[in-house]
Amino acid sequence: MKKKIIVLPGDGIGKEIMDAAVEVLSTVSHKYNHEFIFEQHEIGGTSYDKYGEPLTDETVEACLRADAILLGAIGGPKWDSLPPHLRPEQGLLKIRKALNLFANIRPIKGFKPLLHASPLKESVIQGSDIYIVRELTGGLYFGTPRERREDGNVAVDTLLYHREEIERIVEKGFESARLRNKHLTSVDKANVLESSRLWREIVEEKKADYPDVKVDHMLVDSAAMKLITDPTYFDVIVTENLFGDILSDEGSVLTGSIGMLPSASLSETIGLFEPVHGSAPDIAGKGIANPLGMILSAAMMLRYSFNLNEEASLIEHAVEKSLEQGYHTSDLNIKDGKQVNTKEMTEIVIRNL
Ligand code: NAD
Ligand code: IPM
Ligand code: MN
């Protein structure tokens with residue numbers, strides 16, 4: 001199979017973990033005789049430094065012509081005082097919108113060897129397997145107006161959703177649940193927000209089309225509590241953009257580290273794959289970042305965009321085996337483990353492929 005993959009390392013640890021993913025994918029492609037052509041472009045602060053903007057139209061066009069996209073992470077203190085439209089985060093939001101990546105899939109499934117690496121009790125997290133379906137191109141992130149008024153002393157953001165935007169993500173939630181344990185939890189704030197009341201109405205309408213799926217509604221504050229007190233309650237969670245952002249970082253605690261979580265951002269036609277975490281400015285440049293969330297994102301790319309399920313499983317098993325052998329990066333709190341850096345962890349995964 002021949003595929004063109006756009007590689008957007010971004011900022012901070014983004015570059016360090018992207019090297020890991022590309023090495024792993026290259027090894028897999030040799031093993032199975034695939035040809036993966038990697039084409040690197042800039043995004044975030046790195047793009048701003050080079051081109052004066054966090055994402056150029058040329059890069060968007062290259063992404064539109066590609067078979068899939070890998071993204072490391074963006075952002076960092078160096079660019080935090082730029083005007084809003086030039087911030088690195090704007091590059092990420094622009095690519096999500098330009099490619100219509102409305103469905104952000106964030107699976108949260110802990111690896112057995114890491115059960116004791118979570119600050120939560122093993123008895124609480126044992127058996128948890130959650131699949132967050134986060135809406136990614138609407139809500140508070142994109143609604144207008146968003147501005148300062150009255151000499152900067154009043155700020156406005158707008159939480160806006162069109163029916164069609166809710167319908168397509170809710171359908172994605174139901175379809176995902178159908179392929180898993182057939183339990184969908186729709187998370188909202190319908191006791192306060194009008195957009196949540198529309199969201200809830202649409203979930204109620206859609207459920208007739210999925211009689212095999214058990215569906216319930218949960219308020220986001222309560223869901224945040226239940227996620228870490230009773231995580232095995234959940235199967236698929238479908239929720240709006242900001243709630244999904246917050247709940248997925250919280251959910252990462254089940255796995256031992258935010259550095260473990262992969263994600264897929266999907267349109268009807270293309271996928272962008274990135275870890276859930278950010279550019280980790282506190283450890284950037286030290287070569288100690290956990291590359292596993294990025295490597296597992298590459299596995300998601302093989303599965304979701306190329307339908308290469310065997311190759312994806314091979315990567316996931318190699319990650320699991322490496323953890324079983326006791327290897328881990330410094331973000332994971334493991335007793336009697338073998339602490340390694342990013343490059344070493346990557347070599348160990350490759351050895352286990
Ligand atoms: P962060 O996820 O970058 O870091 C939070 C904490 O987790 C830090 O202590 C960091 O060292 C640690 N961490 C994260 N990933 C790790 C990894 N792979 N290995 C080891 N440790 C890891 O979140 P933050 O500090 O709030 O944000 C930093 C910057 O990243 C900000 O500019 C933010 O806007 C950006 N950000 C980008 C993305 C993205 O590119 N998708 C996601 C989140 C945040
Ligand atoms: C994420 C990040 C982004 C988001 C930021 C950097 C714009 O936190 O991918 O989770 O909020 O979506
Ligand atoms: Mn986030």
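What follows draws every value from the coordinates through simple rules; no lab data is involved. The structure presented is a predicted model; accordingly, all values stated were derived computationally and were not measured. Counting neighbours? That spans all protein chains shown, and the Cβs are built from the backbone with ideal geometry, glycine included.
Just a few scattered comments:
- Positive end of the dipole of the chain (Cβ unit charges, origin at the Cα centre): among 100, 252, 111, the Cα lying farthest that way belongs to 111.
- Within the listed set 30, 217, 116, the residue fluctuating most in the Gaussian network model of the chain (springs between alpha-carbon atoms under 10 angstrom) is 30.
- Only lysine pairs 8 or more places apart or on separate chains count here, and in the stretch 119-254 those with Cα atoms under 27 Å apart total 20.
- Normalised contact order of the chain, rounded percent, pairs of Cα under 8 Å and 6 or more residues apart: 21 percent
- Computed over neighbours whose Cβ is under 11 Å from that of residue 292, the net charge equals -3, Lys and Arg +1, Asp and Glu -1.
- Separation of the residue 198 and residue 32 label points, Cα + 7 Å toward Cβ, nm: 4.1 nm
- Considering only Cα atoms, the convex hull volume of the stretch 274-328 works out to 81 Å³ per residue.
- Distance between the pseudo-spin-label points of residue 51 and residue 341 (7 Å out from Cα toward the beta carbon): 3.2 nm.
- Local net charge near residue 53, Cβ-Cβ under 11 Å (Lys/Arg +1, Asp/Glu -1): -1
- DSSP assigns beta bridges within the chain; of those with both partners inside it, close to 40 percent run antiparallel.
- If the convex hull is drawn through the Cα atoms of the chain, its volume per residue in Å³: 138 Å³
- The stretch 16-53-the stretch 251-266 distance, computed between alpha-carbon centres (Å): 20 Å
- GNM remark for the chain: springs join alpha carbons under 10 Å apart, and the peak mean-square fluctuation among 200, 178, 163 falls on 163.
- Only lysines eight or more places from residue 78 in sequence, or on another chain, were considered; those with a Cα closer than 26 Å are 15, 50, 94, 97, 286, 343.
- Within a Gaussian network of the chain (alpha carbon springs, distance under 10 Å), most fluctuating of 280, 298, 103: 280
- Calculated FRET value between residue 126 and residue 324, using beta carbons and R₀ = 25 Å, to 0.05: 0.90
- Listed residue (139, 327, 308) projecting farthest to the positive dipole end of the chain, Cβ model: 327
- Each Cα pair under 8 Å and six or more residues apart adds its separation to the average, and for the stretch 119-254 the resulting relative contact order is 39 percent.
- Under the Debye formula (equal points on every Cα, no solvent term), log10 I(q)/I(0) of the stretch 206-353 at q = 0.14, 0.16, 0.20, 0.21 Å⁻¹: -0.82, -1.03, -1.35, -1.39
- If you take the alpha carbon atoms of the stretch 311-351 and fit the smallest convex hull around them, that volume is 65 Å³ per residue.
- In this Cβ point-charge picture (+1 for Lys and Arg, -1 for Asp and Glu), the stretch 119-254 has a dipole of about 220 debye about its Cα centre.
- For the stretch 1-159: rounded, prolate or oblate by the Cα gyration tensor [a/c cutoff 1.5]: oblate
- In range of the label at residue 333: residues from the stretch 112-144 whose backbone nitrogen is under 20 Å from the point 7 Å along Cα→Cβ: 112-128
- Computed over the stretch 119-254, the percent of Cα pairs more than 26 Å apart is 26.
- Among residues other than residue 177 with Cβ under 14 Å from its Cβ, the summed charge is 0 (Lys and Arg +1, Asp and Glu -1).
- Gyration tensor (alpha-carbon) shape descriptor, the stretch 114-197, a/c threshold 1.5: oblate
- Most to least packed among 139-151, 328-340 [average Cβ atoms within 10 Å]: 328-340, 139-151
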